[in-house]
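For reference, the structure discussed in these notes is given below.
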Amino acid sequence: MIIGGGVLGFVAAVFVLAGSTVRLSSTLDLGSILDAFAIILVGVLIDYVYYSLASFRKSDSELLLSLVEEAKRTLSILKAASQACGSKKLTKQEESQLVIAARELSNAIHSIQRGLEECAIRPGKLKFDEVKEIREILNDSLTGGPFPGPYTAADRRNIQIALRDMGDRLTRLGFAICHR
């Protein structure tokens, strides 16, 4: 980091010194040395600020990606709970597991939204509204309609489509966070 700033400053000092004199001389005066030192110092400072900002951005991205991974884990729990949605009515335990898993996914998505706000990232930039829309579709397909069952083949197909769409959207969100 400091070496990069020093090199940048040195190169800038050479160009300034070479450009500021009409003729080149082999002598150095105190003013030229101080100018070169100041330019090197500015280069080091710019380098430091750049790497500090890059470090904050990387930390933000890692935190947001961990939130997306948590949402993917809760989605896999919801997928497992949705396997009970069959041609029979859900038991009270199956109902409870399904509702809790759907709520956990909703909480994970809310955590991502809060993380985006804390990192000062506009959710629209990452198309986060699509994630929220798919969450609503998924909740409607699981706990709306025939809940607690029995689910028809069309209901089960809609659940599978919504689960797949949510997984795809969370993956795209992770890519968008990496490439912001």
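Close Cβ contacts (under 7 Å, 6 or more residues apart or on different chains) running from residues in segment 42-66 that are touching a residue at least 40 places away in the same chain (Cβ under 8 Å) to residues that are outside any helix (DSSP H, G or I) and among the aromatic types (Phe, Trp, Tyr) are absent. State all residues of segment 96-129 that are over 18 Å from Thr74 (Cβ atoms) and over 12 Å from the mean Cα position of the chain (by Cα); if no residue qualifies, say none. Within segment 96-129, Gly124, Asp129 qualify.
Computed from the coordinates by the stated procedures, all read-outs in this text should not be read as laboratory data. The structure presented is a predicted model; accordingly, all values stated were derived computationally and were not measured. Methodologically, a virtual Cβ is constructed for each residue, glycine included, from the backbone with ideal geometry; neighbour enumeration extends over all protein chains shown.
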